[in-house]
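The values are calculated or read from the model by the stated rules, or taken from the named source; none is laboratory data. Everything numeric in this text was worked out from a predicted model, so none of it was measured. So basically every Cβ, Gly included, is an ideal-geometry build from the backbone, and we count neighbours across all protein chains shown.
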Amino acid sequence: MKYKSDYSLDKEAIRILRSNEWGGYTLPTQKLYPYQWNWDSMFISLGLAQFDINRAWLEIESLFNSQWENGMAAHIIFRNKAPTYFPGPEVWGTNQDPPTSGCSQPPIAATIVLKIYKMNKIIGRSYLDNIFIKLYKWHKWFHTMRVISGGHAIAITHPWESGRDNSPDWDEAIEKINTKEELIFTRLDLSHVDKSMRPSDSEYNKYIYLLEYGKKTGWDHAHITREGPFAVADPGINFILLRANKDLLSIAEILNKDVHKVEIKKWLAYSEDAANYLWSDTLKAYVARNIRNNLYSTGISNVSFLSYYANLNKSENEDDHYSTLIKFIKNTKYCIPSFDSKHHKFNPIKYWRGPVWIIINYMIAEGLSNYGLNDISNKIRSDVRNLIKKNGFYEYYNPLNGRGLGGNNFSWTAAIWLAWASDS
Ligand code: 2M8
């Protein structure tokens, strides 16, 4: 297979971002995901900033224009009608304008906002005041609506909230949900992507059950977290929020928001505490934990290593975690698999149960290089470059042979290429 040059891939990446643009916001990919997704949109804005910084700010503003009164930035914003996706706005029934889904997604926005601001402070300054308050309200929503009393770990109340939909991390909690009856609906994802690469029907049944549960509560987020059928602490969300709070604090410093700074510092301390809760001495990693029964997931996911991205305070677990990372990275031809390749649940083509996801690689590599661990960081970047150069801009990749999987012409892969992986 011929490797493409960086220059031709830059052009292709820009073409993908432009062609997935839908008037002020950008789709992850056409047909499979025909709306605006929260964290996709933020990675996309980082890609856009490489060639059109005003358009990047517009992408960020458009996401937060749909923020809920209670502070939540929703995981999907349904601005147009798109019959190729299920579940659409009428199924979610959130009564928002524009219509949105009823849960959130990993809060990478503050980190991206700070990066784009630093790229051009004059342009960025005019957006910063307005966006700061929105980010602050969203982070506050996580720290109040997604915790249960006595704990500081942020819980997800739907696998979709983690962004890692069918990760084995949720298996134990998902299996416990008693859906009683079979729900009647038609999946549309399988008309775009082969079912071997997507979640199972039984998982989808649980996803829709959880959606219907939330709808019945009138999307009462505090109630859903405290009483609902699914509440799992996710290392992904916890570490991404920890990092985002550090970046929000830097923005608060730029804007002299002294009162907010006090609150953000409290959140930072809570997140360090949450990291302790997620540490597994058995697996020597940060592992998802069911908030209802405190059970750990049986395996390690790539997001354990987002502790580097979060710049977690050094702890006694440091050396053990580093050894885990080295093993995890060495076991597949391309790193980093989304789930431990030595675990019996590992599947190299099934979505979040094994494939490599470029966005997670990007965050982990950035974190490692901040720790001075440049060799591993460079190895991750070089694998990403090879995956894209050889196969193009896919949604995810097989860690054993590099094959591109899921959707093609994928926006966040194009964005990360432009912002980080390209040499030109
Ligand atoms: C995937 O999730 C959506 C539901 O949110 C789906 O499969 O229908 C996930 O990979 C998620 O992280 C991502 O934001 C979304 C769009 O790329 O697709």
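Give, as residue ranges, the helices (runs of 4 or more DSSP H) completely inside the stretch 309-424 that count at least 2 residues that are in contact with a helix residue (DSSP H, G or I) (Cβ under 6 Å, 6 or more places away or on another chain). So that I can check it myself, show each step before the final result.
Details: elements: 318-330, 358-370, 374-391, 411-416.
Of the helices (runs of 4 or more DSSP H) lying wholly inside the stretch 309-424, those with at least 2 residues that are in contact with a helix residue (DSSP H, G or I) (Cβ under 6 Å, 6 or more places away or on another chain) span 358-370, 374-391, 411-416.
In this structure, is G93 in contact with a helix residue (DSSP H, G or I) (Cβ under 8 Å, 6 or more places away or on another chain) and either among the aliphatic types (A, V, I, L, M) or modelled with pLDDT under 95 (or both)? Full working, then the answer.
Values: in contact with a helix residue (DSSP H, G or I) (Cβ under 8 Å, 6 or more places away or on another chain): yes; either among the aliphatic types (A, V, I, L, M) or modelled with pLDDT under 95 (or both): no.
So G93 does not fit the description; no.
Go over the candidates A82, A74 one by one and state the one that is out of contact with any helix residue (DSSP H, G or I) (no Cβ under 6 Å at 6 or more places or on another chain), within 16 Å of the ligand (Cβ to nearest atom), part of a loop (DSSP other than H, G, I, E, B) and over 23 Å from L190 (Cα atoms). Before the answer, list the steps.
On the way: A82 fails: over 23 Å from L190 (Cα atoms).
After ruling out the rest, the residue left standing is A74.
State which residue pairs qualify: first residue within 14 Å of Q36 (Cα to Cα) and inside the stretch 61-87, second residue among the acidic types (D, E) and within 16 Å of the ligand (Cβ to nearest atom) in any location, beta carbons under 7 Å apart, and separation of 6 or more residues or different chains.
Going by the 7 Å Cβ cut-off, the qualifying pairs are H75/E161.
I'd like to check something: does the stretch 204-211 contain any residue that is modelled with pLDDT of 95 or more, part of a loop (DSSP other than H, G, I, E, B) and over 30 Å from K266 (Cα atoms)?
no
In the stretch 161-200, how many residues are in a helix (DSSP H, G or I) and either under 21 Å from T225 (Cβ atoms) or aromatic (F, W, Y) (or both)? Give the steps one after another, and end with the answer.
The initial filter retains those residues of the stretch 161-200 that are in a helix (DSSP H, G or I), namely 161-162, 168-176, 189-191, 195-197.
If we keep only those that are either under 21 Å from T225 (Cβ atoms) or aromatic (F, W, Y) (or both) as well, we get 161-162, 169-176.
Total satisfying the criteria: 10.
Do we find that L9 is within 16 Å of the ligand (Cβ to nearest atom), under 20 Å from S422 (Cβ atoms) and either touching a Lys or Arg at 6+ places or on another chain (Cβ under 9 Å) or without any contact (Cβ under 8 Å) to a residue 12 or more places away in the chain (or both) in this structure?
Details: within 16 Å of the ligand (Cβ to nearest atom): no; under 20 Å from S422 (Cβ atoms): yes; either touching a Lys or Arg at 6+ places or on another chain (Cβ under 9 Å) or without any contact (Cβ under 8 Å) to a residue 12 or more places away in the chain (or both): yes.
No: the conditions fail for L9.
If I filter the stretch 153-179 down to residues being touching a helix residue (DSSP H, G or I) at 6+ places or on another chain (Cβ under 8 Å) and acidic (D, E), which single residue comes out as farthest from the ligand (Cβ to nearest atom)?
Let us first name the residues in the stretch 153-179 that are touching a helix residue (DSSP H, G or I) at 6+ places or on another chain (Cβ under 8 Å), namely 153-170, 174, 177, 179.
Next cut, acidic (D, E) only: 161, 165, 169.
Details: E161: 9, D165: 5, D169: 13 Å.
The selected residue is D169.
Taking the stated definitions as given, is L373 crowded, with 23+ Cβ neighbours inside 10 Å and over 15 Å from the mean Cα position of the chain (by Cα)? Show your work before the answer.
Values: crowded, with 23+ Cβ neighbours inside 10 Å: no; over 15 Å from the mean Cα position of the chain (by Cα): yes.
Judged against the criteria, L373 is not a match.
Which residue pairs have Cβ atoms under 7 Å apart, sit 6 or more places apart or on different chains, and have a first residue in the stretch 397-424 that is on the phi > 0 side of the Ramachandran plot and a second that is assigned to a helix (DSSP H, G or I) and charged (D, E, K, R)?
Short answer, once both residue conditions are applied: G402/K390.
Look through K246, K257 and report the one residue that is out of contact with any Ser or Thr (no Cβ under 7 Å at 6 or more places or on another chain), among the basic types (K, R), in contact (Cβ under 8 Å) with a residue 12 or more places away in the chain and closer than 25 Å to K314 by Cα. Break it down into steps so the answer makes sense when it comes.
On the way: K257 fails: closer than 25 Å to K314 by Cα.
K246 is the lone residue from the list that is out of contact with any Ser or Thr (no Cβ under 7 Å at 6 or more places or on another chain), among the basic types (K, R), in contact (Cβ under 8 Å) with a residue 12 or more places away in the chain and closer than 25 Å to K314 by Cα.
Please work out which one of (1) crowded, with 24+ Cβ neighbours inside 10 Å; (2) within 12 Å of the ligand (Cβ to nearest atom) is the condition P87 fails and give its number.
(1)
Please determine, by comparing only the residues of the stretch 20-51 that are small (G, A, S) and at pLDDT 95 or above, which one is farthest from the ligand (Cβ to nearest atom). Steps first, please.
We begin by selecting, within the stretch 20-51, every residue small (G, A, S); these are 23-24, 41, 45, 47, 49.
Restricting the remaining residues to those that are at pLDDT 95 or above gives 41, 45, 47, 49.
On the way: S41: 9, S45: 14, G47: 14, A49: 19 Å.
Residue satisfying both the conditions and the ranking: A49.
Only residues in the stretch 18-47 that are under 19 Å from R187 (Cβ atoms) count as the first member; pair them with residues that are among the polar types (S, T, N, Q) and near the ligand (Cβ under 10 Å from one of its atoms), Cβ under 6 angstrom, at least 6 apart or cross-chain, and list the lot.
P28/S411
Could you list, in sequence order, the residues of the stretch 400-417 that are more than 21 Å from L46 (Cα to Cα) and either more than 16 Å from the ligand (Cβ to nearest atom) or among the polar types (S, T, N, Q) (or both)? Steps first, please.
If we filter the stretch 400-417 for residues that are more than 21 Å from L46 (Cα to Cα), which is where we start, we get 400-406.
L400, N401, G402, R403, listed by residue number.
Within the stretch 237-281, take every residue that is among the β-branched types (V, I, T) and surrounded by 20 or more Cβ atoms within 10 Å (Cβ to Cβ) and give me the one that is nearest to L295 (Cα to Cα). Steps first, please.
We begin by selecting, within the stretch 237-281, every residue among the β-branched types (V, I, T); these are 237, 240, 251, 254, 259, 262, 264.
Then drop every residue that is not surrounded by 20 or more Cβ atoms within 10 Å (Cβ to Cβ), which leaves 237, 240, 251, 264.
On the way: I237: 18, I240: 22, I251: 37, I264: 29 Å.
The selected residue is I237.
Of the residues N302, N311, N245, which is over 21 Å from I336 (Cα atoms) and of a type in the set (S, T, N, Q)? Outline the logic, then answer.
Numbers: N302 fails: over 21 Å from I336 (Cα atoms); N311 fails: over 21 Å from I336 (Cα atoms).
Answer to the check: N245.
Just to be sure before I move on: is L188 touching a residue at least 40 places away in the same chain (Cβ under 8 Å), closer than 26 Å to H139 by Cα and out of contact with any strand residue (DSSP E or B) (no Cβ under 9 Å at 6 or more places or on another chain) in the structure I sent?
The answer is no for L188.
Given the criterion within 13 Å of the ligand (Cβ to nearest atom) and more than 24 Å from G354 (Cβ to Cβ), identify the matching residue among L190, L211. Before the answer, list the steps.
Values: L190 fails: more than 24 Å from G354 (Cβ to Cβ).
That would be L211, the only listed residue that is within 13 Å of the ligand (Cβ to nearest atom) and more than 24 Å from G354 (Cβ to Cβ).
Scan I133, I148 and give me the residue that is β-branched (V, I, T), more than 16 Å from the ligand (Cβ to nearest atom) and either on the phi > 0 side of the Ramachandran plot or without any contact (Cβ under 8 Å) to a residue 24 or more places away in the chain (or both). Reasoning before the result, please.
Values: I148 fails: either on the phi > 0 side of the Ramachandran plot or without any contact (Cβ under 8 Å) to a residue 24 or more places away in the chain (or both).
Going through I133, I148 in turn, just one is β-branched (V, I, T), more than 16 Å from the ligand (Cβ to nearest atom) and either on the phi > 0 side of the Ramachandran plot or without any contact (Cβ under 8 Å) to a residue 24 or more places away in the chain (or both): I133.
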